[in-house]
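Below: the structure, in structure tokens.
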2 protein chains.
Amino acid sequence: MRVLGVDPGLTRCGLGVVEGGIGQPLRMVAVGVVRTPPGDDPAERLLSLQTEIDDWMHAHEPDAVAVERVFAKANIKGIMGTAQASAVPMLAAARRGLPLALHTPSEVKAAVTGNGRADKAQVTSMVTRILRLQVAPRPADAADALALAICHVWRGGAHDRIAQAVAAQQARAGARR
Amino acid sequence: MRVLGVDPGLTRCGLGVVEGGIGQPLRMVAVGVVRTPPGDDPAERLLSLQTEIDDWMHAHEPDAVAVERVFAKANIKGIMGTAQASAVPMLAAARRGLPLALHTPSEVKAAVTGNGRADKAQVTSMVTRILRLQVAPRPADAADALALAICHVWRGGAHDRIAQAVAAQQARAGARR
């Protein structure tokens, strides 16, 4: 299973691709950050982001996309751009018929560090360890994108295992009938 | 000048196309509302909206796109979907190289009614009168989309007139040199 994680933003959008499954070691396929100049036209910034994400989809062919769920924070102006930016990977996934999940920051932190209130340094440190990287991914947006992808593999895997268990149970029930 | 106005939203997105210019009567070309089911996957909803807006762009070939600028209100959950929905016409305009403007609700109200704090009924009533429609456009999202397009023609026209005056001034200055 190969997952593209996206930490959405217009000024900095983190992208990370992780491959692996439950009980298998995870591997980092790619990591990066897309930046668009704050002074540019917002529509042009969205289009630049779309072009980059389309390139990543084409280059890495993920099986699923995981995007950070955007919440309102103190910085309302920034949050609107972030919400608009989050539409780009959502559209990219839907256009390709790929499963898309939105994970909250605390779900992601809990998945990679065991603590839903972990700080950025802890997340980066655990991402570096889980993916056995020589160098910690920088900036934090890049590490967050990898954390989202890791979270998705692990949570998605859990969902799959439950679905498999249910299917197996139903198959057994069917066989007994 | 033909303008597509978009009142963004996931549950209801108003679309209105208006044609005309400064000092000319305005004409309504099309009006409608795109609805996507609140229970559906958010990425699928964005994709449905994108498909509809692309169809409108293709059918009506606007020269410019005007989108309501999204602000944070009390309903934070709804505002995130609205912000994501607003990315769709912004991307559609940028992809086609069309000029895009974001107008605030009070700019639109002031343009069509003369009062930046007009209510929905006043906006609908003035839109109906300006476009000489037999029937008031419904729902309010549809009337708002037409109001955005009207506002854009009038404000865009003003910008154009200033630009023309500056260009004429420069041409005269050049001729005197």
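The numbers here are math on the coordinates, done by the rules we state, and not lab data. Predicted, not measured: the structure shown is a model, and the values here were computed from it. Cβ: placed from backbone, ideal geometry, glycine included. Neighbour counts: every protein chain shown.
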Taking 8 Å as the Cα distance limit and 6 or more residues as the minimum spacing, I'd like the relative contact order of segment A:2-176 as a percentage.
30 percent
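What do you get for Rg/Rh of segment B:25-69 when both radii come from the Cα atoms and Rh is the Kirkwood radius? Could you put the intermediate results ahead of the total?
On the way: Rg = 12.9 Å, Rh = 12.4 Å.
Ratio value, two decimals: 1.04.
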Take peptide A:43-49, look around each residue's Cβ out to 10 angstrom, count Cβ atoms belonging to other protein chains, and average those counts.
6
Rounded to a whole number, the mean other protein chain Cβ count within 10 angstrom for residues of A:92-101 is 3
Please list the non-local residues whose amide H lies under 5 Å from the amide H of residue B:64, H modeled 1.01 Å from N, same-chain partners needing a gap of 5 or more.
B:2, B:4
Cα-based reach from residue B:120 at 12 Å (exclusive), listing aspartates and glutamates while leaving out same-chain residues under 8 positions away
B:141, B:144
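Within a 10 angstrom radius of each residue's Cβ in B:81-89, how many Cβ atoms of other chains show up on average? Whole number is fine. Present the calculation step by step, with values, prior to reporting the outcome.
Working: counts 2, 2, 11, 11, 3, 7, 15, 4, 1.
Partner-chain Cβ atoms within 10 Å, mean over residues of B:81-89: 6.
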Could I have the simple spin-label model distance between residue B:54 and residue A:104, label points 7 Å from Cα toward Cβ, reported in nm to one decimal?
3.4 nm
Amide hydrogen neighbours beyond the local backbone of residue B:30, cut-off 5 Å, H modeled:
B:17
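Less than 14 Å Cβ to Cβ from residue A:60, Lys/Arg counted +1 and Asp/Glu -1: what total charge do the surrounding residues give? All intermediate terms of the calculation are to be shown ahead of the outcome.
Numbers: positive: A:2, A:27, A:96; negative: A:19, A:52, A:54, A:55, A:61, A:63.
For residues surrounding residue A:60, the net value is -3.
Take the alpha carbon atoms of segment A:16-123, find their radius of gyration, then divide it by 2.2 N^0.38 Å using N residues; give the quotient. Please report the intermediate quantities before stating the final value.
Details: Rg = 15.1 Å, N = 108, 2.2 N^0.38 = 13.0 Å.
In units of the 2.2 N^0.38 Å rule of thumb, it is 1.16.
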